[in-house]
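Only one structure is covered here, and it is reproduced in the block below.
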Amino acid sequence: MQFVEANGAKIPAIGLGTWELRGRTCARLVEQALKLGYRHIDTAQVYENEREVGEGLRASRVRRDEVFVTTKIWTTHFAPNDLERSTKESLTRLRLTEVDLLLLHWPNPQVPLAETLGALAHAKKIGMARHIGVSNFTVALVDEAVAACPEPLVCDQVEYHPYLDQTRVREACARHGMAVVAYSPVAKGRIKNDETLAGIGRAHGKTAAQVCLRWLVQQNVAAIPRTSRIERLSENIDIFDFALPEDEMQQIFRMGTAKGRLTDYGFAPKWD
Ligand SMILES: NC(=O)c1ccc[n+]([C@@H]2O[C@H](COP(=O)([O-])OP(=O)(O)OC[C@H]3O[C@@H](n4cnc5c(N)ncnc54)[C@H](OP(=O)(O)O)[C@@H]3O)[C@@H](O)[C@H]2O)c1
């Protein structure tokens, strides 16, 4: 496993996304992923599966200090007292004493950012999280957050795949020593039928999804693909035995546009 290093954090380059995985399926996939070598699991309060993620973690028997667990605080818990209380509740559901990474899930203009970041930094100081970061923050918000946060932020978790150009966010994160963590990294499965990616893959004996994930990891971006199929767990992590040459990297970069976002989440900020 490779790691993406950022402001003191070592984030395993491939993690398992768990959005929409529920109940026994979720616990089983987390357990299986860890048995197959995954060392990074991504959950969130709003996914309503923190309990099952914790169950999968324990069932795998992988040592706690070998797994990087991320959870995200939902936007209705951004007032300082709420943030601490809801983080405690997450830890109780996960049955962990701390998470490795605690993120603000989306920006919430209703609560002053500096207050929320103060509370997030406090959660780290009192040992609820080893590292803190943000998600779905625009470049302007990342700059504002870094200036206001008393503790280093280690990442911005954003939508990123070959159809979406994220050059500006990548540059902003690099400027601040932060990592980009790519969500929807296989474009919600759409890459499966992509002829460009499949064509590149044929030459390497890899699938379109593997090419896509390799392209992200080669940019020093961490990626958290989700699958509900055990066989795809192996496929999505089997990307460390080949490399894309620069011309193929550039060919994939050319597929991205500013308008390539797949989902309009409604409460999203105005992306620049
Ligand atoms: N911070 C945020 O606001 C935010 C937003 C969205 C997502 N996320 C996180 O990022 C994770 C991943 O994003 P996502 O779930 O939106 O999308 P994704 O991982 O890009 O795509 C998941 C979809 O792709 C399919 N898939 C997975 N691996 C595949 C492969 N090798 N070949 C073909 N199809 C494949 C899966 O189908 P099967 O199940 O049939 O394999 C599933 O339908 C989430 O689970 C969540 O943890 C965070």
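Just a few scattered comments:
- Considering segment 236-272, and only residues there that are within 16 Å of the ligand (Cβ to nearest atom) and of a type in the set (S, T, N, Q), the residue that is surrounded by the fewest Cβ atoms within 10 Å (Cβ to Cβ) turns out to be T263.
- Among the residues of segment 199-235, those that are near the ligand (Cβ under 10 Å from one of its atoms) and touching a Pro at 6+ places or on another chain (Cβ under 7 Å) comprise C212, L213, A223, I224, P225.
- Filtered residue count, segment 215-257, keeping only those that are in a loop (DSSP other than H, G, I, E, B) and over 20 Å from the mean Cα position of the chain (by Cα): 7
- Options P162, P150; residue that is open to solvent by 40 Å² or more (accessible area, probe 1.4 Å) and at pLDDT 95 or above: P150
- Check on V111, buried (at least 18 other Cβ atoms within 10 Å of the Cβ), of a type in the set (A, V, I, L, M, F, W, C) and either farther than 21 Å from A145 by Cβ or within 16 Å of the ligand (Cβ to nearest atom) (or both): no
- Any hit, segment 112-124, residues being under 28 Å from R190 (Cα atoms) and at pLDDT 95 or above: no
- Selection status of K188, in contact with a Leu (Cβ under 7 Å, 6 or more places away or on another chain), within 16 Å of the ligand (Cβ to nearest atom), open to solvent by 60 Å² or more (accessible area, probe 1.4 Å) and not in a loop (DSSP other than H, G, I, E, B): yes
- Test for V180: is it open to solvent by less than 20 Å² (accessible area, probe 1.4 Å), part of a strand (DSSP E or B) and within 15 Å of the ligand (Cβ to nearest atom): yes
The values are calculated or read from the model by the stated rules, or taken from the named source; none is laboratory data. Just so it is clear, the model here is predicted, and its values are computed rather than measured. For neighbour counting, all protein chains shown are included, and Cβ atoms are generated from backbone atoms with ideal geometry for every residue, glycine included. For accessibility, only protein heavy atoms count, side chains too; no ligands or nucleic acids. Shrake-Rupley method; radii C 1.70, N 1.55, O 1.52, S 1.80 Å.
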